[in-house]
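Participant: Below you will find the structure I want to go over with you.
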Amino acid sequence: MSVFCGIDWASDHHDVVLVDNAGSLLDKARIDDNADGLAHLLQMLTEHGDSAEAPIPVAIETSRGLLVACLRATGRPIYAINPLAAARYRDRHAVSRKKSDHLDAVVLANILRTDAAAHRQLPADSELAQAIAVLARAQQDAVWDRTQAANKLTSHLRAYFPGFLASVGVRREGVCHPIARVLLAAAPTPGQAAQLTRAQLRSLLKKAGRKNTIDAEAERLQTALRAPQMRQLPLVEEAMGRQTLALLRQLDAACASADDLAEAAMESFKQHPDAEIITGFPGLSALSGARVFAEIGDDRSRFADAKSLKAYAGSAPITRASGKSVAVLARRVKNQRLAGVGYVWAFAAMAHSDGARAHYDRRRKAGDRHTAAQRNLFNRMLGCLHHCLTHRVHYSETVAFAAPSDTQLADAA
């Protein structure tokens, strides 16, 4: 590489800088965030030796957006530099702590010139893999929105209608359950709920999708909703009921979005050849498998070995050593989405795999707390997943959790 490009991006324009091997400024420009700006950028790169055989690498502080997508389509190396890392490099160029868009672009270009090997290129994932990542991440965001909307509604109901929460609290989903939402839409206040007849409750249960023990459930709900409870003043109660309907509409929208995106993510994921291998692991369904795949992609050169993948997921610990002090700590800087689904994966794997359960129990007996033991199990499963995807083989319980040898048992004792 003899020319390096740094781009300081913004919402409506981007500052572009080209430097050579000596760090000398070759060219600079401010381009618009549109097709003309992209054409100008590509023209600059071409004038300084850019070609399909030797593309000029680009450093930028984001991995998303149309500019990044179009640059990736040209086949050139793209380095998404963490803004915190770029800020540390800036002090090498200006100890006065001055800052400008042009200086930031210079810093990014020089990062590639001096330390390209220390940073990771954006993976060359297929188009299908990128689409799955969009859907899986959007579904996870929708789940977080649904949780937030449910918490708001639950908190509001505690202020004037705790009897409703008590009546639907037997369900794990709480106010997110279809029965709870249908019932609340029909009777958002304690007075209205107490007036519901068994026939009306049976109709509401059928509307929510209930198909069995409808009569018994209707009787239980009627008894619970008519139980004595503290009440707000009538006008205040009516006003809070109107607010409940507004919050309920937000929750309904969040639930519908999460369900629709889940279906779309699973449908797209099942079309990928890696889906069969990933869902073959205990504890991974089509949806959780899509979430795992969304974060690791299908570019097998992205992670040189299983250790790299484990560090990226945050399951591998880090060691802080200075002089005589040595500490092994949980990794905090990680892919939070992959770490989140990894916790769910490890928890579900213990219910579907005897080897996973035995591994967790061994870690607990060794002194690990619950979270640490699950993280260690996730670390083990990630190593197996990397092996299976790299060698195109399916998960095997006997290989993943082979029985310990006599020597290992003696050492453990």
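The values are calculated or read from the model by the stated rules, or taken from the named source; none is laboratory data. Keep in mind it's a predicted model, so treat the numbers as computed, not measured. Every residue, glycine among them, receives a Cβ derived from its backbone with ideal geometry; neighbour counts consider all protein chains shown. When the accessible area is computed, the model is the full protein with side chains, heavy atoms only, and any ligands, DNA or RNA have been set aside. Shrake-Rupley method; radii C 1.70, N 1.55, O 1.52, S 1.80 Å.
Participant: Please work out if Ala275 is of a type outside the set (Phe, Trp, Tyr) and under 25 Å from Ala356 (Cα atoms).
Facilitator: Taking the combined requirement at face value, the residue satisfies it.
Participant: Quickly run through the range 256-312 and pick out the residues that are among the basic types (Lys, Arg) and either touching a His at 6+ places or on another chain (Cβ under 6 Å) or closer than 20 Å to Leu122 by Cβ (or both).
Facilitator: Those that are among the basic types (Lys, Arg) and either touching a His at 6+ places or on another chain (Cβ under 6 Å) or closer than 20 Å to Leu122 by Cβ (or both): Arg291, Arg300, Arg302.
Participant: Does Glu219 qualify as being in contact with a Lys or Arg (Cβ under 8 Å, 6 or more places away or on another chain) and open to solvent by 60 Å² or more (accessible area, probe 1.4 Å)?
Facilitator: yes
Participant: Determine whether Asn376 is open to solvent by less than 40 Å² (accessible area, probe 1.4 Å) and touching an Asp or Glu at 6+ places or on another chain (Cβ under 8 Å).
Facilitator: no
Participant: When you look at Pro228, is it of a type outside the set (Phe, Trp, Tyr) and touching a Gly at 6+ places or on another chain (Cβ under 7 Å), yes or no?
Facilitator: No: the conditions fail for Pro228.
Participant: A further question follows. Working carefully through the options Val292, Val333, find the one that is of a type in the set (A, V, I, L, M), at pLDDT 95 or above and under 17 Å from the mean Cα position of the chain (by Cα).
Facilitator: Matching residue, one of Val292, Val333: Val292.
Participant: Looking at the range 249-293 only, could you name the residues that are open to solvent by 20 Å² or more (accessible area, probe 1.4 Å), in contact (Cβ under 8 Å) with a residue 40 or more places away in the chain and of a type in the set (Asp, Glu)?
Facilitator: Scanning the range 249-293 gives Asp252, Glu276.
Participant: Something else: Among the charged types (D, E, K, R), closer than 22 Å to Ala216 by Cα, free of Cβ contacts under 8 Å to residues at least 40 places away in the same chain and open to solvent by 60 Å² or more (accessible area, probe 1.4 Å): does that describe Arg172?
Facilitator: So Arg172 fits the description; yes.
Participant: To continue, here is another question. Every residue in the range 149-196 that is out of contact with any helix residue (DSSP H, G or I) (no Cβ under 8 Å at 6 or more places or on another chain) and more than 17 Å from Lys207 (Cβ to Cβ), please.
Facilitator: Result: Asn151, Ser155, Pro162, Gly169, Val170, Arg172, Gln195.
Participant: Is it fair to say Ala239 is open to solvent by 40 Å² or more (accessible area, probe 1.4 Å), farther than 30 Å from Thr390 by Cα and either polar (S, T, N, Q) or modelled with pLDDT under 95 (or both)?
Facilitator: no
Participant: In the list Ala246, Ala304, Ala227, which residue meets the criterion of being open to solvent by 20 Å² or more (accessible area, probe 1.4 Å), aliphatic (A, V, I, L, M), assigned to a loop (DSSP other than H, G, I, E, B) and free of Cβ contacts under 8 Å to residues at least 40 places away in the same chain?
Facilitator: Ala304
Participant: Here's something else I'd like to know. Take the range 56-76 and flag every residue that is in contact (Cβ under 8 Å) with a residue 24 or more places away in the chain, open to solvent by 40 Å² or more (accessible area, probe 1.4 Å) and of a type outside the set (Gly, Ala, Ser).
Facilitator: Answer for the range 56-76, where residues must be in contact (Cβ under 8 Å) with a residue 24 or more places away in the chain, open to solvent by 40 Å² or more (accessible area, probe 1.4 Å) and of a type outside the set (Gly, Ala, Ser): Glu61, Leu66, Cys70, Arg72, Thr74.
Participant: Something else now. For Leu18, indicate whether it is in a helix (DSSP H, G or I), buried (at least 18 other Cβ atoms within 10 Å of the Cβ), modelled with pLDDT of 90 or more and not small (Gly, Ala, Ser).
Facilitator: no
Participant: Could you say which residue among Thr390, Thr319 is modelled with pLDDT of 90 or more, open to solvent by 30 Å² or more (accessible area, probe 1.4 Å) and closer than 30 Å to Ala85 by Cβ?
Facilitator: The unique qualifying residue is Thr390.
Participant: Take the conditions of a type in the set (Asp, Glu), buried (at least 19 other Cβ atoms within 10 Å of the Cβ) and closer than 23 Å to Glu127 by Cα and apply them to Glu53. Does it pass?
Facilitator: Against the criterion (of a type in the set (Asp, Glu), buried (at least 19 other Cβ atoms within 10 Å of the Cβ) and closer than 23 Å to Glu127 by Cα), Glu53 does not qualify.
Participant: Is there a residue in the range 77-93 that is more than 30 Å from Val134 (Cβ to Cβ) and open to solvent by less than 60 Å² (accessible area, probe 1.4 Å)?
Facilitator: Within the range 77-93 (the criterion being more than 30 Å from Val134 (Cβ to Cβ) and open to solvent by less than 60 Å² (accessible area, probe 1.4 Å)), the answer is yes, since at least one residue qualifies.
Participant: Moving to a separate point now. Residue under question is Val107, and the condition is that it be more than 30 Å from Leu183 (Cβ to Cβ) and among the β-branched types (Val, Ile, Thr); does it hold?
Facilitator: Yes.
Participant: Let me ask you something else. All but one of (1) touching a residue at least 40 places away in the same chain (Cβ under 8 Å); (2) not in a helix (DSSP H, G or I) hold for Ala29, so report the exception by its number.
Facilitator: (1)
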